[in-house]
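K.L.:
After the structure tokens below, expect a handful of questions from me.
The numbers here are math on the coordinates, done by the rules we state, and not lab data. What you are looking at is a predicted structure, and each value in this text was computed from that prediction instead of being measured. Ideal geometry is used to build each Cβ from the backbone, glycine not excepted, and the neighbour counts take in all protein chains shown.
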Amino acid sequence: MEQKKSFFRAYLDFNVLYKILIGLIIGAIAGIILAASGVTALPAWISMFGTIFTRLLKMIIIPMIVGSLVVGASSVSPANVGKIGIRVIIIYLATSACGVIIGLIMANIFRPHAALAAVEALASGAAGKTGSSDPWSVITNIIPTSVLTSLVNETVLQVIFFALVFGLCLSFLKISKDERIASAAKTMYQIFDCLAEVMMMIVRGIMQYAPIGVAVLIAEVFAKNGAKVAGALVMVTIACFIGYALHIIVVYGGLLKIYKIKVGKFFKEARTPFITAFVTRSSNGTLPTTMTAAENLGIDKEVYAFSLPLGATINMDGTAIYQGVCAFFLVMSCYGRGLAIGEMGMIVLLATLASIGTAGVPGAGAIMLAMVMQGIGMPIAEGTVLAGAYAMILGIDAILDMGRTALNVTGDLTCTACVAKQMKMLREDSPIK
Ligand code: ASP
């Protein structure tokens, strides 16, 4: 009994990052061994441990967004909110659009595609999820007609919109001259502050479980895919990862240089959230780590408390690159041709919007890919060749998701640092000044 207790303690005390990395390696090795011995699917009772991890992350998403965004928006002083908000949103959108363009360039260079026969064999596994095809309705749909319905249906963009409006109004009421209103607003702020703190605590708990969840999910990916259609998928993976690397070097490196931020010092601090995002595949799950990095970078809390929760949900540069590469892969695999210029333009617009609407949880980007395909007039209907190709992408999603999430999180931190620098909101002792 005594020994068991101390093992548990030792487990809790061991650095969570290393624990998850070890889970990843164990999962990969187990998956390869399983695939080599002809086992392609894990028994349901084992795969349950992976599902539990994904569900736990999904569980926290809505309360996490509400808590952190209301607190974030209401912590910004009314004098700064407009200036910070506009700058953050513009830089987030611009970097995401660059991401899709880089993705499309990579896809055109590598031209990843699979043979149709191979695609057809997998067709039955396709999810066939589709979303809205009209980009303008994507914009109007951001405004909820019923807040409760948005919360219940987990319509992320609508919840973000309302949480921001709510938080902004709260920040004005907090400094009201009317004592009654100011004190009520402060109480309300404390309630949301507590909600945000509780959510952070739950996330830390989930991260203690993550090594087990990650091991199982990775074992599944390796067991399922084995050598099957490996070539095409390796090309997709290479195109995505070179795109991710280019984005870091060209877009983030360029931005940091333009804003005269010390690149080396910045990346030294950005390394921890980068690795955490890589192994957890969740921008939201990484949020506490990203916040700590921002604090260590000497960024004013007023900026990052607002921009990082927002970025974890709406700024997804890695997801944008992935959308560009995968849309090309799907069209090339199923129609044997590349993308027309008009289609590429549409993909840039749709994928930028899709990356905003992608929740910061594992695998969310893959669902949004279906929306992008619907938008360019190639809906993923069940049983079609396109659905088969889409299922293949879903098969390697865990691997692609690692890279794109790491990029998503690095993007949030980069943009936050740039806006803070521009607004002269870096602390005196900031190492990146
Ligand atoms: N997993 C990603 C994130 O949390 C979202 C995605 O699936 O693209 O940032």
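K.L.:
Taking the Cβ-Cβ separation of Glu154 and Ala44 as r and a Förster radius of 30 Å, what is the calculated FRET efficiency to the nearest 0.05?
P.N.:
E(calc), rounded to 0.05, equals 0.70.
K.L.:
Put +1 on the Cβ of every Lys and Arg and -1 on every Asp and Glu Cβ in the chain; which of Ala35, Val152, Val409 then has its Cα farthest towards the positive end of the dipole?
P.N.:
Val409
K.L.:
Determine the alpha carbon to alpha carbon distance for each of Lys19/Lys83; Lys83/Lys177; Lys174/Lys265 and list only those over 29 Å.
P.N.:
Lys19/Lys83; Lys174/Lys265
K.L.:
Treating only the Cβ atoms of Lys and Arg (+1) and Asp and Glu (-1) as charged, compute the dipole magnitude of the chain about its Cα centre; round to the nearest 20 debye.
P.N.:
820 debye
K.L.:
In whole percent, what relative contact order does the chain give with Cα contacts below 8 Å and a gap of six or more residues?
P.N.:
Worked out over the chain, it gives 33 percent.
K.L.:
What is the spread of the Cα atoms of the chain along each of their three principal axes, largest first, in whole Å?
P.N.:
Cα extents, longest axis first: 71, 66, 45 Å.
K.L.:
Relative to the longest principal axis of the chain, what angle (0 to 90°, nearest 10) does the C-alpha long axis of helix 179-225 take?
P.N.:
20 degrees
K.L.:
Counting each DSSP H run of 4 or more residues in the chain as -39500 (n - 2.57), what helix-only mean residue ellipticity at 222 nm follows after dividing by all residues, to the nearest 500 deg cm²/dmol?
P.N.:
-26500 deg cm²/dmol
K.L.:
If the chain between Thr272 and Ser77 were fully stretched, how many nm would it gain, using 0.36 nm times the residue separation less the Cα-Cα distance?
P.N.:
67.3 nm
K.L.:
So if R0 is 45 Å, what FRET efficiency would Phe172 and Ala36 give, r being the distance between their Cβ atoms, rounded to the nearest 0.05?
P.N.:
0.10
K.L.:
Going by how many other Cβ atoms sit within 10 Å of their own, how do His247, His113 line up, fewest first?
P.N.:
Least to most surrounded, the residues fall as His113, His247.
K.L.:
With just the Cα atoms defining each centre, how far is region 1-75 from region 355-433? Give it in Å.
P.N.:
Their Cα centres are 20 Å away from one another.
K.L.:
Sort Lys424, Lys58 by Cβ crowding within 10 Å, fewest neighbours at the top.
P.N.:
Starting with the residue having the fewest Cβ neighbours, the order is Lys424, Lys58.
K.L.:
For an R0 of 35 angstrom, estimate the FRET efficiency from the Cβ-Cβ distance between Arg55 and Met423 and round to the nearest 0.05.
P.N.:
Efficiency at R0 = 35 Å is approximately 0.35.
K.L.:
Taking the number of other C-beta atoms within 10 Å as the exposure measure, put Thr187, Thr384 in order starting with the fewest.
P.N.:
The fewest-first ordering by Cβ neighbours comes to Thr187, Thr384.
K.L.:
Using only Cα atoms, tell me the angle between helix 364-375 and the longest principal axis of the chain; keep it within 0 to 90° and round to the nearest 10.
P.N.:
Approximately 70 degrees, to the nearest 10.
K.L.:
Tilt of helix 283-296 relative to the longest C-alpha principal axis of the chain, in degrees (0 to 90, nearest 10)?
P.N.:
Result, in degrees: 50.
K.L.:
Assuming 1.306 mPa s and 10 °C, estimate D for region 286-433 with Stokes-Einstein, Rh taken as the Kirkwood radius over Cα pairs, in µm²/s.
P.N.:
In µm²/s, the coefficient is 97.
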